[in-house]
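Each remark here refers to the structure printed beneath this line.
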């Protein structure tokens with residue numbers, strides 16, 4: 001089985017957390033919950049630090065500060081109607097998987113948030129990875145209906161992974 005996630009680790013602290021395994025698990029659980037196959041897709045993931053993600057956040061969102069996770073979908077898949085289901089991507093062949101997009105995740109912000117919220121780092125990072133992957137799949141939380149759909153779907157994905165609902 002081909003990996004779903006292509007990872008670039010810029011901050012070596014991610015190696016101690018086994019970001020590769022967390023990302024594969026998050027990707028597979030998210031696709032399974034959405035009824036998508038676990039093959040034929042590719043996600044690029046950057047494991048970085050706060051300094052790097054602050055530059056990305058400034059460049060792409062005009063917010064020059066660190067954040068926990070950023071996503072760049074390869075296509076616009078969002079629903080036209082608030083709370084509607086996003087368009088489903090089609091898997092590509094094994095030798096040319098459909099690229100869903102890019103996710104970046106920052107070590108210091110994730111570690112600080114996990115500590116402040118009394119969560120295991122692995123569980124918090126898994127939630128943020130699921131959240132980022134869902135953005136790649138067209139889910140968003142700007143409109144109320146979209147936010148409710150995204151949160152409920154994330155909660156089901158995380159439950160399947162044995163992780164408590166972060167929104168409760």
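The values are calculated or read from the model by the stated rules, or taken from the named source; none is laboratory data. From a predicted model like this one, the values you see are computed outputs, not experimental measurements. Note that each Cβ is placed from the backbone with ideal geometry, even for glycine, and that neighbours are counted across all protein chains shown.
Here is a check on your reading of the model: is residue 86 more than 16 Å from the chain's Cα centre (by Cα) and not in a strand (DSSP E or B)? For residue 86, the condition - more than 16 Å from the chain's Cα centre (by Cα) and not in a strand (DSSP E or B) - is not met. Any residue at all in region 112-124 that's at pLDDT 95 or above and touching a strand residue (DSSP E or B) at 6+ places or on another chain (Cβ under 6 Å)? No. Just one of the listed residues (39, 76, 24, 99) is part of a loop (DSSP other than H, G, I, E, B) and more than 24 Å from residue 144 (Cα to Cα), namely 39. Before we move on, is residue 31 at pLDDT 95 or above, surrounded by 16 or more Cβ atoms within 10 Å (Cβ to Cβ), touching a strand residue (DSSP E or B) at 6+ places or on another chain (Cβ under 8 Å) and under 17 Å from residue 105 (Cα atoms)? In short, no.
Which residue out of 149, 45 is part of a strand (DSSP E or B) and surrounded by 15 or more Cβ atoms within 10 Å (Cβ to Cβ)?
Being part of a strand (DSSP E or B) and surrounded by 15 or more Cβ atoms within 10 Å (Cβ to Cβ) holds for just one of 149, 45, which is 45.
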